[in-house]
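Asker: My questions all concern the structure below.
The values are calculated or read from the model by the stated rules, or taken from the named source; none is laboratory data. If you're wondering where the values come from, they're calculated on a predicted model, not measured in any experiment. For neighbour counting, all protein chains shown are included, and Cβ atoms are generated from backbone atoms with ideal geometry for every residue, glycine included. Side chains included, ligands, DNA and RNA excluded: accessible areas come from the protein's heavy atoms. Shrake-Rupley method; radii C 1.70, N 1.55, O 1.52, S 1.80 Å.
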Amino acid sequence: MNFVEELKWRGMVHDMTPGTEEQLQKEMTSAYVGIDPTADSLHIGHLVGVMMLKHFQRAGHRPIALIGGATGMIGDPSMKSAERNLLDEKTLRHNQESIKKQLSKFLDFDSDAPNAAKLVNNYDWMKEYTFLNFIRDIGKHLTVNYMMSKDSVKKRLSSESNAGMSFTEFSYQLLQGYDYLYLYQNEGCRLQMGGSDQWGNITTGTELIRRIMGPEAEAFALVCPLITKADGGKFGKTESGNVWLDRRYTSPYKFYQFWLNVSDDDAAKYIKIFTALRQEEISALEKEQAEAPHLRPLQKRLAQEATVMVHSEEDYHAAVEASTILFGNATSDALKKIDEETLLAVFEGVPRFEISQNELSAGIKAIDLFTDKAAIFLSKGEMRKLAQNGGVSLNKEKLTEHDTVINTNSLLNGKYLLVQRGKKNYFLLIAK
């Protein structure tokens, strides 16, 4: 597999230095991508770089994931309008372990293969490096003029906020350049990859390597385009914030729904970037989409591949089943099978009422429960009339008798009752 050709048809090459492709065809090469450790989970914005590393390993090369522990303590000015919060070492180490667990789903760290992936943290080689030694050994090789010419610096200095840029942030590209030099010297790393906003920082690294190691030293750069949505909006952001890879922050159901609900144009682009499907498979799906766009084959396959890759096959099937509960003709059996986390994710935002577990244990008539204890209906007359016309459901089963006695046997996950008024109005009762 030709790595550069693979990335090109996937729309994942924005720019690269001359000689990059020749280097990769010549021999097994080590390349790294830097990952910001400011949280203990990656979000889908990180996935582009991770997928680059995944394809790199598939092509027989050696991927290195660099956790920016030291640089994470400073903050990269690229594409930012203000300085970020700084982290302590304990938090960084916790975040590093969590991120490695997630990366292990994409990269092979544990095999004996010569191209097994490696995880490194730049804090390990920066923590003992004194300021005086760093500016003597590294700082003298790059001029301020050279560093000022980078877009990330110019953009911050010319921003309307007039916040300027601290020396700490200004030094970021020097530190990132040193990372590349260190990995070049200690890991034989010849390529750094990232998003197009990182081009300035990455080429600072290639320049530093040439100046310190000599003009014959070969170091390369390859960056992918920044991913956007067809409507110009920011990729990976929802109303509730980032779409995370950790289920504690974004449930597998919500993760699946994110991909399922992307536009047709975005689905055609994202399926190339965020899956490992072959070109022929994607072409066949695009043909299906053109013939029957209402069936959304691209979105469905994208959502499947991404959910299985990040979570599991089981989580994918649970998400599909949960989707039918809200949007299809699911049965009460399907509802009883889903776990509490998925149930709450599916019905996030629907009105909720707390009811007494003790009163429910004794048994209570539906008409009293849904009017006096939880104001689902404005009056008992309204409830009676709608129930007679088949417009009231409990846990996805029609409630034909308004005075049916409900007790704890009806609770989902021992805690919840799902009431439906009409076709689209859901209410979640929580027994406490």
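Asker: Place a point 7 Å from Cα of Ala230 in the direction of its Cβ. Which residues in segment 265-288 have their backbone N less than 16 Å from it?
Answerer: 265-273, 285-288
Asker: Name the most mobile residue of Tyr256, Tyr182, Tyr270, meaning the one with the largest mean-square fluctuation, in a Gaussian network model of the chain with Cα contacts below 10 Å.
Answerer: Tyr182
Asker: Given a 1.4 Å probe, how much area per residue of the chain is accessible, in Å²?
Answerer: On the way: 20470 Å² over 432 residues.
Here the residues of the chain average 47 Å² of exposed surface.
Asker: Sticking with this one: Please give the contour-minus-distance gain from Glu340 to Lys237: 0.36 nm per residue of separation, less the Cα-Cα distance, rounded to one decimal in nm. Each step should come with its number before you reach the end.
Answerer: On the way: separation 103, 0.36 × 103 = 37.08 nm, distance 2.49 nm.
Between Glu340 and Lys237, full extension yields 34.6 nm more.
Asker: Now a separate question. Kindly report, to the nearest 10 Å², the accessible surface of Lys26 as traced by a 1.4 Å probe over protein heavy atoms only.
Answerer: So the heavy atoms of Lys26 present about 130 Å² to solvent.
Asker: Check each of the GluC sites (Glu not before Pro) in segment 97-169 and keep only those in coil by DSSP with at most 10 other C-beta atoms within 10 angstrom; list them in order.
Answerer: Glu128, Glu160
Asker: Separate question: Counting only the heavy atoms of the protein chains, how much of Tyr123 is accessible to a 1.4 Å probe, in Å² to the nearest 10?
Answerer: 40
Asker: Okay, next question. If you keep only loop residues by DSSP, which trypsin sites (Lys or Arg not before Pro) in segment 88-160 have at most 12 other Cβ atoms within 10 Å of their Cβ?
Answerer: Of the trypsin sites (Lys or Arg not before Pro), the ones in loops of segment 88-160 whose Cβ has at most 12 other Cβ atoms within 10 Å are Lys127.
Asker: Once R0 is set to 60 Å, what does the formula 1/(1 + (r/R0)^6) return for the Cβ-Cβ distance between Asp264 and Ile135, expressed as a FRET efficiency to the nearest 0.05? Kindly include the intermediate steps, with their values, before the conclusion.
Answerer: Working: r = 53 Å, r/R0 = 0.88.
E between Asp264 and Ile135, to the nearest 0.05, is 0.70.
Asker: Among Lys336/Lys380; Lys300/Lys396; Lys118/Lys337; Lys90/Lys155, which pairs are too far apart, with a Cα-Cα distance over 30 Å?
Answerer: The answer is Lys118/Lys337; Lys90/Lys155.
Asker: Tell me, what ³J(HN,Hα) does each residue in segment 345-353 have, in order and in whole Hz, if you take phi through Karplus 6.51 cos²θ - 1.76 cosθ + 1.60 with θ = phi - 60° and put x for Gly and Pro?
Answerer: Couplings: 5, 4, 9, 4, x, 7, x, 10, 10 Hz.
Asker: Give the ranking of Arg62, Arg210, Arg421 by solvent-accessible surface, highest area first, calculated with a 1.4 Å probe.
Answerer: Ranking Arg62, Arg210, Arg421 by accessible area, largest first, yields Arg210, Arg421, Arg62.
Asker: After finding the eigenvalues of the alpha carbon gyration tensor for segment 328-425, what semi-axes result from the square roots of 5 times each, listed largest first in whole Å?
Answerer: In descending order the semi-axes read 20, 16, 13 Å.
Asker: Give the carbon-plus-sulfur fraction of the accessible surface of the chain in %, rounded to a whole number; probe 1.4 Å, heavy atoms of protein chains only.
Answerer: On the way: 10010 of 20470 Å².
Its accessible area is 49 percent carbon and sulfur atoms.
Asker: Something else now. Test of understanding: what is the full-extension gain from His294 to Glu22, defined as 0.36 nm times their sequence separation minus their Cα-Cα distance? Show your work: numbers first, answer last.
Answerer: Values: separation 272, 0.36 × 272 = 97.92 nm, distance 4.38 nm.
Going from the current span to full extension adds 93.5 nm.
Asker: At 1.4 Å probe size, put Lys365, Lys380 in order of accessible surface, largest to smallest.
Answerer: The ordering from most to least exposed comes out as Lys365, Lys380.
Asker: Moving on. Between Ser379 and Glu313, 0.36 nm times their residue separation minus their Cα-Cα distance comes to what? Intermediate values should be presented prior to the final figure.
Answerer: Working: separation 66, 0.36 × 66 = 23.76 nm, distance 4.52 nm.
Gain in length upon complete extension: 19.2 nm.
Asker: Run through every distinct alpha carbon pair of segment 1-154 and return the Kirkwood hydrodynamic radius in angstroms, one decimal place.
Answerer: 17.5
Asker: Between segment 7-39 and segment 308-360, what's the alpha-carbon centroid distance in Å?
Answerer: 41
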